[in-house]
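First comes the structure, then the notes that go with it.
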Amino acid sequence: MTRESDGFGAAMPILDRLMHHAANERASFHVPGHHGRYLPQPLSAWLGQALKLDLTELPGLDNFHSASDCIAASEELCARHYGAYRTYYSVNGATACVMAALKGACGVPGQRVLVLGPCHMSVWRGLVYADAVPVWVPSPWNPARQAFDPPSPAALDAELRQWQPVKAVFVTSPTYPGFVADVRSLAEVAHRHGALLLVDEAHGAHFGLDPRLPDHSVAQGADVVIQSPHKTLPCLTQAAWMHVSRPDLADGVHEALLFLHTTSPSYLLLASLDAAQAFLRSGQDLVRETLDVLARYRPLEPQSDPMRMWIPTGSRARSARLAERLEERGMFLEYWDASGALAIFGFGQGERDVARFFEVYRTWCEEAGEETPETPWHGAFLYEAPAVLALRPSAIEHLPGRRVPLRGAAGLVAKRPISPYPPGVPALWPGQVISEQHVEILARMWMEGHDIVGVAADGTIEVCDA
Ligand SMILES: Cc1ncc(COP(=O)(O)O)c(C=O)c1O
């Protein structure tokens with residue numbers, strides 16, 4: 001179906017239908033239970049008119065699980081913008097998209113997937129879902145940036161030579177702090193070795209909207225690209241989409257995505273995806289103006305997202321002080337920890353807000369410049385060697401677990417990810433045999449008070465009981 005042939009004159013097919021329905025409905029004799037009229041206060045006051053758009057699969061509103069009308073039309077408009085073969089909407093975040101990408105790309109169980117650099121926890125769930133065999137390829141920790149560097153095409157080439165056959169390569173770009181990989185070259189290398197390239201671009205739905213933004217990964221030759229418009233475009237939380245470039249992958253990926261979805265998708269979320277895809281065409285002036293404002297306050301660097309500002313501090317105390325200074329003035333960061341602090345700017349954010357942010361930031365820089373830095377984070381070398389799993393992710397999920405003291409865990413198999421925080425990336429993956437060196441470094445970090453997700457307050461971790 002095309003926009004021209006289906007009678008959709010407007011650029012927001014889902015929202016149009018919802019508004020049409022809301023304008024014509026005098027009384028609702030259908031779900032949802034608020035019937036467009038009543039929710040307890042103060043929620044109803046906050047939601048206001050939006051309540052009337054919180055509808056379900058009524059005549060004219062299409063069906064998420066077999067979209068052929070307004071949902072399909074909206075997805076097609078989105079696909080056209082990015083140049084994808086198909087775009088599929090998700091009301092279960094990029095999490096469901098990551099899982100579906102892995103499942104759809106792998107097809108049958110037992111396929112090998114190279115996972116480059118740090119990745120979101122949904123990758124683990126996707127590997128279980130796809131019954132795939134991962135090879136973790138670490139990215140180098142960059143102490144100057146206090147962040148992992150994006151993976152290099154040369155490193156991928158070497159890994160692919162070693163690990164054939166590989167069904168898919170999974171990479172996250174941009175990284176959380178906003179550093180962008182050379183996706184075009186990664187795609188060329190992956191394809192040369194007969195592997196698919198799946199890109200988690202959850203933080204890059206706005207890429208390509210201005211020449212000062214990096215290109216998006218569909219344009220760079222990736223086979224599947226996952227984006228969370230709710231993170232960087234004007235869109236409601238939880239709404240995401242994924243683009244598929246290869247026709248032979250589309251049905252499998254879509255089916256895998258629907259498998260992870262409710263049969264009662266929120267039309268408010270679908271409407272916000274619809275509005276976000278319209279913004280891709282109508283919002284370009286706003287994007288340009290926002291970047292003009294940001295460029296007045298700091299240089300926009302190539303190979304990183306100008307809409308985010310990663311401030312490497314190498315110190316929890318310094319990061320906390322910046323967060324406090326901002327909060328005193330009613331401004332909140334996306335995130336901060338002992339490696340640094342992250343600010344994310346939004347399209348349409350007024351210059352006044354940006355100026356206030358930089359005023360606090362510059363004062364903090366002057367204060368921070370006078371301090372001696374703390375001892376650098378020494379856990380980075382936990383990530384230097386690639387993790388090798390003793391068991392497949394799906395097998396680990398089925399094994400019983402037991403708790404043992406971290407100090408006595410060498411030689412056992414991890415059941416849960418163990419992630420020092422920062423950087424929040426597992427140093428041990430489920431299924432990985434725990435080495436003496438892991439125990440030594442992790443135990444030392446834990447004793448020094450470093451947060452380690454997966455290590456309980458009594459110093460125990462969960463291992464496979466087999
Ligand atoms: C890189 C990355 N991928 C995937 C996700 C999951 O996205 P969502 O919250 O939309 O499910 C996140 C969430 O923070 C993320 O940072």
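The values are calculated or read from the model by the stated rules, or taken from the named source; none is laboratory data. Note that the structure is predicted; figures quoted are calculated from it, not measured. Positions of Cβ are generated from backbone atoms using ideal geometry, with glycine treated the same way; all protein chains shown enter the neighbour counts.
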Inset, instruction - Look through segment 87-142, keep the residues that are among the hydrophobic types (A, V, I, L, M, F, W, C), assigned to a loop (DSSP other than H, G, I, E, B) and within 16 Å of the ligand (Cβ to nearest atom), and return whichever of them is farthest from Ser66 (Cα to Cα). - result: Cys119
Inset, instruction - Determine if segment 65-73 includes at least one residue that is under 28 Å from Trp124 (Cβ atoms) and either buried (at least 19 other Cβ atoms within 10 Å of the Cβ) or within 16 Å of the ligand (Cβ to nearest atom) (or both). - result: no
Legend entry - Residues of segment 139-165 satisfying the condition of being out of contact with any Leu (no Cβ under 9 Å at 6 or more places or on another chain) and under 22 Å from Gly379 (Cα atoms): Pro140, Trp141, Asn142, Pro143, Ala144, Arg145, Gln146, Ala147, Phe148, Asp149
Legend entry - Segments classed as strands (runs of 3 or more DSSP E), wholly inside segment 394-466, with at least 1 members that are among the hydroxyl-bearing types (Ser, Thr, Tyr) and at pLDDT 95 or above: 460-464
Legend entry - Which numbered condition Gly178 fails, given (1) near the ligand (Cβ under 10 Å from one of its atoms); (2) touching a residue at least 60 places away in the same chain (Cβ under 8 Å); (3) buried (at least 21 other Cβ atoms within 10 Å of the Cβ): (1)
Inset, instruction - Just give me the residues in segment 303-350 being polar (S, T, N, Q) and modelled with pLDDT under 95, in sequence order. - result: Gln303, Thr313, Ser315, Ser319, Ser339, Gln349
Inset, instruction - Any residue in segment 234-255 that's over 14 Å from Ala202 (Cα atoms): show its pairings with residues that are in a loop (DSSP other than H, G, I, E, B) and not aromatic (Phe, Trp, Tyr) at Cβ separation under 7 Å, as long as the two are six or more apart or on different chains. - result: Val244/Ala84; Ser245/Ala84; Ser245/Val218; Ser245/Ala222; Ser245/Asp223; Arg246/Asp223; Leu249/Asp223; Gly252/Gly107
Inset, instruction - Determine, yes or no, whether Leu236 is in a loop (DSSP other than H, G, I, E, B) and farther than 24 Å from Val180 by Cα. - result: yes
Inset, instruction - Filter segment 399-448 down to residues that are basic (Lys, Arg) and in contact with a Gly (Cβ under 6 Å, 6 or more places away or on another chain), then give me how many there are. - result: 2
Legend entry - Selected residue [among the hydrophobic types (A, V, I, L, M, F, W, C) and touching an Asp or Glu at 6+ places or on another chain (Cβ under 8 Å)] from Leu249, Leu236, Leu270: Leu249
Legend entry - Meets criteria (outside the structural domain of Pro234 (by TED's automatic domain parsing), modelled with pLDDT under 95 and not small (Gly, Ala, Ser)) for Asp353: no
Inset, instruction - Test Leu160 against the criterion of being within 16 Å of the ligand (Cβ to nearest atom) and under 18 Å from Gln111 (Cβ atoms), and give yes or no. - result: no
Inset, instruction - Can you confirm whether segment 241-261 contains a residue that is modelled with pLDDT under 95 and either buried (at least 17 other Cβ atoms within 10 Å of the Cβ) or part of a helix (DSSP H, G or I) (or both)? - result: no
Inset, instruction - Tell me which residues, restricted to segment 33-51, are exposed (fewer than 13 other Cβ atoms within 10 Å of the Cβ) and either in contact with a Gly (Cβ under 9 Å, 6 or more places away or on another chain) or aromatic (Phe, Trp, Tyr) (or both). - result: Tyr38, Trp46
Inset, instruction - For segment 1-24, enumerate the residues that are surrounded by 15 or more Cβ atoms within 10 Å (Cβ to Cβ) and at pLDDT 95 or above. - result: Met12, Pro13, Ile14, Leu15, Asp16, Arg17, Leu18, Met19, His21, Ala22
Inset, instruction - Could you check Pro151 against (1) buried (at least 20 other Cβ atoms within 10 Å of the Cβ); (2) touching a residue at least 40 places away in the same chain (Cβ under 8 Å) and say which number it fails? - result: (2)
Legend entry - Selected residue (criterion: surrounded by the fewest Cβ atoms within 10 Å (Cβ to Cβ)) from residues of segment 91-118 that are touching a Ser or Thr at 6+ places or on another chain (Cβ under 9 Å) and among the polar types (S, T, N, Q): Asn92
Inset, instruction - Considering every residue within segment 221-240, establish whether at least one is away from the ligand (no atom under 16 Å from the Cβ) and touching a strand residue (DSSP E or B) at 6+ places or on another chain (Cβ under 9 Å). - result: yes
Legend entry - helices (runs of 4 or more DSSP H) contained entirely in segment 264-372, each with at least 1 residues that are charged (D, E, K, R) and surrounded by 17 or more Cβ atoms within 10 Å (Cβ to Cβ): 267-282, 316-328
Inset, instruction - Please tell me if Arg212 is farther than 17 Å from Pro306 by Cα, of a type in the set (Lys, Arg) and more than 11 Å from the ligand (Cβ to nearest atom). - result: no
Legend entry - Residue list for segment 40-82, restricted to those being part of a helix (DSSP H, G or I), among the aliphatic types (A, V, I, L, M) and in contact (Cβ under 8 Å) with a residue 60 or more places away in the chain: Ala50, Leu53, Ile71, Ala72, Ala73, Leu77, Ala79
